[in-house]
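Trainee: The structure under discussion is supplied below as structure tokens; questions concerning it will follow.
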Amino acid sequence: MIKRYTDHSANERTYLAWIRTSIAIMAFGFLIEKFDLFISYIGKAVGNEKNFKSSLSAEIVGMGLLLVGVFIVITATVRFFTYKKSIESEQTIPYSVKKTNLLLSSLIILLAIFLFVYMASKFID
């Protein structure tokens, strides 16, 4: 039997939730990047490149989302092993809000705000 199995399981579930979130963010970035490329190909095929041109902002958003996803994977992995070590320790460690939790949550909120502004600008144009 593994000592403190429920704590280790909870830590692993949290880690896997962050990994799923990062995969979704990276997939969304990939989708934006490839859809923008698809639109430019349509413009060339139709002969109307002016109305179907590639957008620099879509490329920036796509690459930004990919980088955010990679950053979340790295941060979640570091967090997982830090908590794993704390769980295995016989020492009493006080729980406090970690900077990584605040950083990851802030990053997701900023990402949501940025995507909202990006989508709103597309409707205004």
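Trainee: I need the full set of residues from the range 80-125 which are surrounded by 12 or more Cβ atoms within 10 Å (Cβ to Cβ), among the hydroxyl-bearing types (Ser, Thr, Tyr) and under 25 Å from the mean Cα position of the chain (by Cα), in order please.
Mentor: THR82, TYR83, THR100, TYR118
Trainee: Before we move on, is SER105 closer than 15 Å to SER22 by Cα, free of Cβ contacts under 8 Å to residues at least 24 places away in the same chain and part of a helix (DSSP H, G or I)?
Mentor: Criteria met by SER105.
Trainee: Still on this structure: Let me confirm something: among GLY43, GLY47, GLY69, GLY29, which residue is modelled with pLDDT under 85 and surrounded by 15 or more Cβ atoms within 10 Å (Cβ to Cβ)?
Mentor: When all the criteria are applied, what remains is GLY43.
Trainee: Scan the range 57-102 residue by residue and report those that are among the small types (Gly, Ala, Ser), part of a helix (DSSP H, G or I) and more than 30 Å from SER121 (Cβ to Cβ).
Mentor: Residues satisfying the conditions are ALA76, SER86.
Trainee: Just to be sure I understand the filter: pairs with C-beta atoms under 7 Å, separated by 6 or more residues or on different chains, first member in the range 3-32 and under 23 Å from LEU67 (Cα atoms), second member β-branched (Val, Ile, Thr). Which pairs pass?
Mentor: Sorted first by the residue in the range 3-32, then by its partner, the pairs are TRP18/ILE72; ILE19/VAL73; THR21/ILE72; SER22/ILE72; SER22/VAL73; ILE25/VAL68; ILE25/ILE72; ILE32/VAL61.
The values are calculated or read from the model by the stated rules, or taken from the named source; none is laboratory data. Here the structure is a predicted model, which means the values were calculated and not measured. Because the Cβ atoms are built from the backbone with ideal geometry, glycine has one as well, and the counts that use them run over all protein chains shown.
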